[in-house]
Amino acid sequence: MSLRPLTAQERAVALEKATKARAIRAEVKQGVKSGKTSVAQVISAADKEEALGRLKVSELLAALPGVGQVRASAIMAKIGIAPTRRIRGLGVHQRKALIELLSANNPRAAR
């Protein structure tokens with residue numbers, strides 16, 4: 001079953017929504033990078049904000065100072081999070097383990 005074609009107006013609305021979502025995710029990643037926002041804050045905010053729920057965990061971790069793609073992958077593997085997992089797809093125990101692991105290594109990153 002294929003999707004029906006979108007009208008020009010529907011396409012414009014979808015484009016605007018996608019642009020806003022990307023801006024929200026970029027702003028949050030910048031906040032994590034600068035230390036203004038913690039991973040725990042992002043995870044809790046993802047329950048309310050749909051755009052944050054769609055942020056990949058690997059991208060969030062890579063935004064942390066001193067953490068790149070390799071270290072982010074290692075953290076996720078240690079906890080048992082799939083490489084393609086998004087924040088809204090994390091279970092309660094995965095969220096807790098991620099916050100605890102980050103707070104043990106860098107208390108400012110997880111708060």
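Bear in mind that the values in this text are calculations on the coordinates, not laboratory data. Every value quoted in this text rests on a predicted model; they were computed, and no experiment measured them. Neighbour counts are summed over all protein chains in view; Cβ atoms, including those assigned to glycine, are modelled from backbone coordinates with ideal geometry.
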### Message
Could you compute Rg(Cα) / (2.2 N^0.38 Å) for segment 8-110, with N its residue count?
### Response
1.10
### Query
Can you give the extra length, in nm with one decimal, that the chain gains between S34 and E10 once fully stretched, where that is 0.36 nm per residue apart less the Cα-Cα distance?
5.0 nm
### Query
Ranked highest first by the average count of other Cβ atoms within 10 Å around their residues, in what order do 53-62, 18-27, 4-13, 35-44 fall?
53-62, 35-44, 18-27, 4-13
### Task
Report, ordered by chain and residue number, the lysines lying within cross-link reach of K96, taken as a straight Cα distance under 24 Å and ignoring same-chain residues fewer than 8 apart.
K29, K33, K36, K48, K56, K78
### Task
Work out, step by step, the length gained on full extension between R85 and E59: first 0.36 nm times the residue separation, then minus their alpha carbon distance; give nm to one decimal.
8.3 nm
### Query
If the chain between K48 and A104 were fully stretched, how many nm would it gain, using 0.36 nm times the residue separation less the Cα-Cα distance?
17.5 nm
### Task
Express the relative contact order of segment 1-93 as a whole percentage, based on alpha carbon pairs under 8 Å and six or more residues apart in sequence.
25
### Summary
Rounded to the nearest 10, the angle in degrees between the Cα long axis of helix 92-105 and the longest principal axis of the Cα atoms of the chain comes to 50
